[in-house]
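Before any comments, here is the structure.
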Amino acid sequence: MNFIKRTLEISKVYRPPSGSRKDEYDISFQEFFENIKKNIPFISKLPAGNSSIIALIIIVIAVIWLGTGVYTVGPDQQAALRMFGKFQSIQTSGLHWWWPSPIGQRDVVVTTATRQLELGFRSFGNEGTKDVPDESLMITGDENIVDVQAVIQYRISNLKNYLFLVDDPGEPDRQIPNGAPDGVTLRDITETALRQVVGRRNIDDVLTTQKGEVQDNVLIIMRDINEYYKTGIEIIAVRLQNVNPPLAVQDAFDDVTRAREERDRIINLADAYKEAEIPKALGEAAKITEAAQAFKQGRIAKATGEAEGFKKLLEGYNNSPEVTRQRLYLEMIERVFPSLNKYIINDSKILPLLDIDANTTQIQTSSTSGP
């Protein structure tokens, strides 16, 4: 700093108020280098010609050095500024200046882009993928082994914590440099959270029915661990890719899966049959119930009417027993006689009594159905 201050001071050259422009420049140039010689001891010991050239070179180098402090931060970037290695501040997008090295350092990092970590496999673009079983083989809660591959999406949320609070050896195969916590640190956090969740569940939950819940639980645990370690990373999503049993027992699991699918198919057919038959049975039951109710009401009404008629008959009998008895007798004869064959007994002859009403009805029916 003193060197720069002295350089700025010696650049303030006195110019005489009179004289030609040629003399002005000659005197100013001469006084300028005289001041440099006085303030920089090792230049004053050099020969007169060499000292002027060296001073000019020093000034040019100083200007170039200060010019290297100009830098640009893109709209998707942030810059972490340090002075003598100590963190100072964060700069956002725009044109800025900061002390060049070795006084100051700056780290410009893309912070808004979504990055991803692959657990259990590595993808190499057009070359395909490579499985990493050391990361993906896990034990479930029912003591089965399952091969779980996952993709973690994340971004940098706190650049200061990301750069300076967590040390990490990095991962060359994922192009993660030394010191970035999204290398081995983030991979270990992912593996820890995933093993913890898978170890609490049955293998069926992980393979088929509860994948969504497994992803949500892993996401919650990873966020808690990242917040505890202050890695400066925000976990956006956890996606389970391939979840399979180990290859040694793959055929057995496939058989179990096919049997389970067949069971589900039969259950679905039974449910469909049940849903079709239950309404029919309910309708038939309602029909029978309504008929029984109608029969019940009819019998009750008939019994009530007969009881009321008996009461009236008893009342009439109490008022005039002989008349009531004779009427009952005649009514009974009237009900019984139509169903019997009737004959007329005249001396020694027995003649059948013709039923005129029945004969008349028969004659009318014959005449109606005739040609």
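In the range 175-200, what residues are surrounded by fewer than 18 Cβ atoms within 10 Å (Cβ to Cβ) and either at negative phi or small (Gly, Ala, Ser) (or both)?
Passing the criteria: Pro177, Asn178, Gly179, Val184, Asp188, Thr192, Arg195, Gln196, Gly199, Arg200.
Does Asp107 meet the test of being of a type in the set (D, E, K, R) and not in a loop (DSSP other than H, G, I, E, B)?
Answer is yes for this residue.
Has the range 82-104 got any residue that is touching a residue at least 60 places away in the same chain (Cβ under 8 Å) and within 26 Å of the chain's Cα centre (by Cα)?
No, because not a single residue in the range 82-104 is touching a residue at least 60 places away in the same chain (Cβ under 8 Å) and within 26 Å of the chain's Cα centre (by Cα).
Only one of Asn161, Asn217 is in contact with a helix residue (DSSP H, G or I) (Cβ under 7 Å, 6 or more places away or on another chain) and either surrounded by 15 or more Cβ atoms within 10 Å (Cβ to Cβ) or modelled with pLDDT of 95 or more (or both); which?
It is Asn217.
One line per residue, one yes/no per condition, for (1) over 23 Å from Val197 (Cα atoms); (2) within 24 Å of the chain's Cα centre (by Cα); (3) in a strand (DSSP E or B):
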{"residue": "Tyr228", "(1), (2), (3)": "no, no, no"}
{"residue": "Ile235", "(1), (2), (3)": "no, yes, yes"}
{"residue": "Asn242", "(1), (2), (3)": "no, yes, yes"}
{"residue": "Thr257", "(1), (2), (3)": "no, no, no"}
{"residue": "Arg265", "(1), (2), (3)": "yes, no, no"}
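Please work out if Gly212 is surrounded by fewer than 18 Cβ atoms within 10 Å (Cβ to Cβ), more than 30 Å from Lys86 (Cβ to Cβ) and not hydroxyl-bearing (Ser, Thr, Tyr).
It is true that Gly212 is surrounded by fewer than 18 Cβ atoms within 10 Å (Cβ to Cβ), more than 30 Å from Lys86 (Cβ to Cβ) and not hydroxyl-bearing (Ser, Thr, Tyr).
Of the residues Leu95, Leu81, Leu117, which single one is under 30 Å from Asp134 (Cα atoms), part of a strand (DSSP E or B) and modelled with pLDDT of 90 or more?
It is Leu117.
Which one of these is under 30 Å from Thr92 (Cβ atoms), assigned to a helix (DSSP H, G or I), among the hydrophobic types (A, V, I, L, M, F, W, C) and without any contact (Cβ under 8 Å) to a residue 40 or more places away in the chain: Leu186, Leu219, Leu163?
Answer to the check: Leu219.
Does Thr140 count as of a type in the set (Ser, Thr, Tyr) and either at positive phi or exposed (fewer than 14 other Cβ atoms within 10 Å of the Cβ) (or both)?
So Thr140 does not fit the description; no.
The values are calculated or read from the model by the stated rules, or taken from the named source; none is laboratory data. Being a predicted model, the structure only gives us computed values, none of them experimental. We place every Cβ from the backbone using ideal geometry, glycine too, and count neighbours over all the protein chains shown.
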